[in-house]
């Protein structure tokens, strides 16, 4: 199923390195016939795979450690975007399997504050990180925001025109009223706590803030604290590219 070459791993180790569990538990995944390598079902524990092989489990293409690692994570509220915290608070990296936690080159691209939740990208690719964070790329990020009092339509125009906050001149790309106390806000900027401070300037208090979209990438199946690898198609959505 796989061609000759260096960097080949036994299939159970490969699956474990991709975060599917211990090597022993990954053996069960193989023997149950849930692994597809290059289009063929694999049930042999002696199979080895390398960088040239495409491995799928339950329809999901897996990304091994020796390739670029890109992860979409649903950050829960109460977790900080940091590897270590002197105050002992939970960090987003604790949500990853141990073998990914120890890879110090994996970092987040586009932080969310402690009280916010939703989609965040973790990567070991400087190129991906640069594209997501550089102002010139103008990657849209959409948020569902719950506020303490009914949203007034006049404030939509103020958010679109821009509001001066501590971290700079903040402007929303779009603002849509979802219900009395819920709005959808899309940003291209990435100022510190931008939405919270903009709404605070308009005398609203944010009670919940969820990032639901990055570029054209959404994933409503992810639960708080869960994650998955993202591949080329997802990266194209992330950067609003149409090529396969």
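FYI, it's all coordinate maths here, none of it is from the lab. These numbers come from a predicted model, not from an experiment. Cβ: placed from backbone, ideal geometry, glycine included. Neighbour counts: every protein chain shown.
Annotations for the structure displayed:
- Shape category assigned to the range 9-61 from the gyration tensor of Cα positions, a/c cut at 1.5: rounded
- Per residue, the convex hull volume that the Cα atoms of the range 140-214 enclose (Å³): 74 Å³
- Scaling the Cα radius of gyration of the range 180-222 by the globular reference 2.2 N^0.38 Å produces a ratio of 1.29.
- Over the chain, DSSP H runs of length four or greater, each weighted -39,500 (n - 2.57), average out per residue to a 222 nm ellipticity of -5500 deg cm²/dmol.
- Residue order for 153, 188, fewest other beta carbons within 10 angstrom first, comes to 153, 188.
- Separation of the residue 77 and residue 202 label points, Cα + 7 Å toward Cβ, nm: 2.1 nm
- Difference of contour (0.36 nm per residue) and Cα-Cα distance, residue 98 to residue 158: 17.0 nm
- Size of the chain from its Cα atoms: along the principal axes, largest to smallest, the extents are 65, 42, 31 Å.
- Share antiparallel - DSSP beta bridges, the range 89-237, percent rounded to 5: 95 percent
- Estimated FRET transfer efficiency (residue 105, residue 239; beta-carbon r; R0 22 Å; 0.05): 0.60
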